[in-house]
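Chemist: Here it is, the structure, as structure tokens.
The values are calculated or read from the model by the stated rules, or taken from the named source; none is laboratory data. Source: prediction; values computed, not measured. All Cβ positions, even for glycine, are placed from backbone atoms using ideal geometry, and neighbour counts span all protein chains on display. For the accessible areas, the whole protein counts, side chains as well, though only heavy atoms, and no ligand, DNA or RNA atoms are used. Shrake-Rupley method; radii C 1.70, N 1.55, O 1.52, S 1.80 Å.
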Amino acid sequence: MKWTYDWLKEYLETDATPAVIADTLTRIGLEIDDVITPVAPIAAKIVECKPHENSDHLHVLMVDDGSEKLRQVVCGAPNARAGLISALAVPGCVIDGHEIQSGKLRGVLSDGMMCSEKELGISDNHDGIIELPSDTKIGTPVLDMPIVFEAGITPNRPDYLAVRGIAADLAAADMGKYISCDIAPLSETTTGRNVNIKTDKCTVYCMAEIHGIKMAPSNDVVSRRLRAIGINPKNACIDATNYICFDRGQPMHCFDADAVRGDITVRMATPGEKFTDLFGAEHELKDTDIVITDEAGILALAGVIGGARGCTTDATKNIILESAYFDPVAVRKTSKRLGISTDASYRYERGIDPTISDYALADAVRMITKACGGDLVATKSSGEIPGGFVTIEYSPDMFMHKMGIDVPAEDQQKILLKLGYQILERGNKWRLYVPNRRVDVEIAETVIADIARIYGYDKIATVAAHRPSNPVAPHSDHALDIKRALAARGLNECRSYAFGNSKTEELLSAHKIVPVANPIVSDLDTARGDLLSGLLLAVSNNEKRGYPDLNLFEVGTVFDGDTPGDQRTALTIVRTGVTGPRHWMGRGRDVDIYDVKTDITTLMAGQKYTVATDNPPRWAHPYRYGRIMQGKKVIAEFGELHPIVARELRIKTRVCVAIVADINNIPARKIAKYTPQPEFPPITRDFAFITDAATPAAHLVGTAMSADRRIVDAVVFDAFDMGDNKKSIAFTITIQPDKNMTDTDLMEIQNAVIAAIQQKCHAQIRNQ
């Protein structure tokens, strides 16, 4: 997006310099790429004119440009002569899109260029260099060269694609006062051709028909501004539509009325219908394309490009102007499919103000009739211009909750009013009416971002740095807890695109594929239905580069459908290769499914579960797979990657996988409480019991620990078969005293352990 300083000042009453404006725009969200201050051609007098020794039509001029030294310029104009005052473009000037540089012409140095009226953009006269009045002051600029701003517009701020939108934001940032220059919309006439809308992809279509015009160039202001931003002026009719496109952000189109047959109809194209654009290229259309038609056929691809039939020429006497609102998605589909990108499609794709079609039409009619004359014979419209505002429920407390700093409610209100919001207060609850130009604002978080950027990110950083320190409350981010637990187990977090590949997803599972209408690349054509495909791509890429040993996990959103409720946050873990690096004491073992199973069970905070091994999914090895269950609820799946899947993805290393379909199935981890160091040292006692061979050792140690609250641990250190279906189990208990314990106290605990095991486990104390 480009615009000039004087163009901006038409809507912003300010004394701020271009540098200050550029800094302010960058600070509030519009990053300025460049501020161009052009070098203007200057008046210069030809002092000497000699023939070029190596050319029969070139001249070598010595010109006085107001400096102390004469400048040598090679010129081919037939009217070049001594004593003539003309326009000199010195090195650094940009003429007709080309920067002037010093160089040799036919072996003679030329330190500049003498300019014709056409090269200066004054007229089409290119018969010779311009002849300025004899009283013109030498060295003064002969053109007013506007300062040009250039910025890259992010997709979320389509209002910045209009000079008026930029001026409004600067006014909100206290760079000046916004100047509204709206004129009243045109009244509809009862006579003339009609407009019909036969698709819901066009909300409103406004048309004005002007007869008896005489094609003429635009005025100097319009021509100069368009030329400064890289648009070559054509005539007042075409220039008006281009100018309003950048001025208001409303694309428009101009038809030759004599080439239009009957009424105008907006409809969807018929599959296979042919259309020839104004550059002569033919396109085959689909039923997703919006077209502007008359009784003879298609006149234009709505929002994208005009057609060869109906385009204006210098001989045009009667014109039809259109100003409309077309569906952004439909325009983008057509533009991308046909590979046509225009200033109009660029704006429609991102969303324009849906309420200004009639105002833009009135502006264009005024500009054209002022330059070309003519009579307005018909004004018609179809559809309805939206009359309401987008409303958002908001509370000033939300800013503190989201940003972490407290901005007073009255300051938030002032900022929102400056930005054009309307506010209906109901105590601490506000209903915000979003300005129509801000089609990007739909949720409260965008409102908070608006307040933050105008308030100043630099102030937010300062306030945060000087805020009194308070005890930090424990966070309640379940996903972050899971990530920390997995990182503690030696896993590395991986982040992949939120898109998937349909072929890979079909290979891995049978879930519903959610296609993306306009994928950023052909390989990422779905809204991902799982995290596994992205992690396996990472495994494949790392293996190709010699890194087969990986321990990765990802927590992210996956999609079961294309509606807001069809989303969930999933977890996937992938381990490959060996468990550790090569070492002189021995090689690490290969990873197995029990490694990823342990990763999941560690997250379950000791909760009970069961394991099922039936019905493995497509990605899993049929005999190395399991599901962690709680009742009939599946908590997670784990297993080894199926060899066929691995081969399809060109993975040679063993891959073990664990998947949690929804992290909400994993219980929240309890926050650890500080436990002071015990005052008394622990005491250990050893026991040995003879029990049935079928009795688990865990049954004995569990019973021992339950015998007294002061027993904090029990560990088996010996077990052997004694024959006759009997075995010996020996274990150590750890006692944590809460006071000075006597031998009598310890004997009571030992007897309690022996009695509990004898009673509950039917075991006998071993004497030897």
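Chemist: If I filter segment 82-111 down to residues being among the small types (G, A, S) and assigned to a loop (DSSP other than H, G, I, E, B), which single residue comes out as surrounded by the fewest Cβ atoms within 10 Å (Cβ to Cβ)?
Modeler: G97
Chemist: Among the residues in segment 125-142, are any charged (D, E, K, R), more than 27 Å from P233 (Cα to Cα) and not in a loop (DSSP other than H, G, I, E, B)?
Modeler: no
Chemist: Further question on the same structure: Taking segment 699-716 as the region of interest, how many residues are over 22 Å from Q677 (Cβ atoms) and over 60 Å from the mean Cα position of the chain (by Cα)?
Modeler: Matching residues across segment 699-716 total 3.
Chemist: Tally the residues that are open to solvent by less than 20 Å² (accessible area, probe 1.4 Å) and in a loop (DSSP other than H, G, I, E, B), restricting the search to segment 616-625.
Modeler: Result for segment 616-625: 1.
Chemist: Something else about it: Can you confirm whether D182 is surrounded by 23 or more Cβ atoms within 10 Å (Cβ to Cβ), under 30 Å from D450 (Cβ atoms) and of a type in the set (D, E)?
Modeler: It is false that D182 is surrounded by 23 or more Cβ atoms within 10 Å (Cβ to Cβ), under 30 Å from D450 (Cβ atoms) and of a type in the set (D, E).
Every residue, every condition in (1) of a type in the set (A, V, I, L, M, F, W, C); (2) open to solvent by less than 40 Å² (accessible area, probe 1.4 Å), yes or no:
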site: L535; (1), (2): yes, yes
site: N542; (1), (2): no, no
site: L550; (1), (2): yes, yes
site: E554; (1), (2): no, yes
site: G561; (1), (2): no, yes
site: R568; (1), (2): no, no
site: G577; (1), (2): no, yes
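Chemist: Any idea which of (1) open to solvent by less than 40 Å² (accessible area, probe 1.4 Å); (2) under 11 Å from I130 (Cα atoms); (3) in contact with a strand residue (DSSP E or B) (Cβ under 6 Å, 6 or more places away or on another chain) is the one N79 doesn't satisfy?
Modeler: (3)
Chemist: Same structure again: Against the conditions (1) touching a strand residue (DSSP E or B) at 6+ places or on another chain (Cβ under 8 Å); (2) more than 24 Å from T203 (Cα to Cα); (3) open to solvent by 30 Å² or more (accessible area, probe 1.4 Å); (4) not in a strand (DSSP E or B), where does T276 fall short? Just the number, please.
Modeler: (4)
Chemist: Right, here's the next one. Is at least one residue of segment 678-689 part of a loop (DSSP other than H, G, I, E, B), touching a residue at least 60 places away in the same chain (Cβ under 8 Å) and open to solvent by 80 Å² or more (accessible area, probe 1.4 Å)?
Modeler: Checking segment 678-689: not a single residue is part of a loop (DSSP other than H, G, I, E, B), touching a residue at least 60 places away in the same chain (Cβ under 8 Å) and open to solvent by 80 Å² or more (accessible area, probe 1.4 Å).
Chemist: Given the criteria surrounded by 21 or more Cβ atoms within 10 Å (Cβ to Cβ), under 26 Å from the mean Cα position of the chain (by Cα) and farther than 25 Å from A257 by Cβ, does A228 qualify?
Modeler: no
Chemist: Taking segment 561-615, which residues are within 14 Å of E637 (Cα to Cα), part of a strand (DSSP E or B) and either among the β-branched types (V, I, T) or more than 40 Å from the chain's Cα centre (by Cα) (or both)?
Modeler: T572, I573, V574, T610, V611, A612
Chemist: Within segment 626-649, how many residues turn out to be part of a strand (DSSP E or B), open to solvent by less than 40 Å² (accessible area, probe 1.4 Å) and of a type in the set (V, I, T)?
Modeler: 2
Chemist: Also, quick follow-up: Please specify each residue of segment 636-653 satisfying the condition of being over 15 Å from V539 (Cα atoms), more than 34 Å from the chain's Cα centre (by Cα) and not small (G, A, S).
Modeler: Those that are over 15 Å from V539 (Cα atoms), more than 34 Å from the chain's Cα centre (by Cα) and not small (G, A, S): F638, I644.
Chemist: When the residues of segment 503-532 are narrowed to those that are over 23 Å from the mean Cα position of the chain (by Cα) and of a type in the set (G, A, S), which ends up farthest from D599 (Cα to Cα)?
Modeler: Among those that are over 23 Å from the mean Cα position of the chain (by Cα) and of a type in the set (G, A, S), it is A510.
Chemist: Quick check on my filter: what residues within segment 112-124 are crowded, with 17+ Cβ neighbours inside 10 Å and part of a loop (DSSP other than H, G, I, E, B)?
Modeler: Of everything in segment 112-124, those that are crowded, with 17+ Cβ neighbours inside 10 Å and part of a loop (DSSP other than H, G, I, E, B) turn out to be G112, E117, E119, L120, G121, I122.
Chemist: Among all residue pairs at least 6 apart or on different chains, which show Cβ distances below 6 Å where the first residue, located in segment 8-30, is open to solvent by less than 20 Å² (accessible area, probe 1.4 Å) and the second is modelled with pLDDT of 95 or more and of a type in the set (D, E, K, R)?
Modeler: Taking only residues 6 or more apart or on different chains, the pairs are Y11/R164.
Chemist: Could you grab me the full set of residues in segment 312-328 that are open to solvent by less than 10 Å² (accessible area, probe 1.4 Å), outside any loop (DSSP other than H, G, I, E, B) and within 15 Å of I210 (Cβ to Cβ)?
Modeler: Those that are open to solvent by less than 10 Å² (accessible area, probe 1.4 Å), outside any loop (DSSP other than H, G, I, E, B) and within 15 Å of I210 (Cβ to Cβ): I319, I320, L321, S323.
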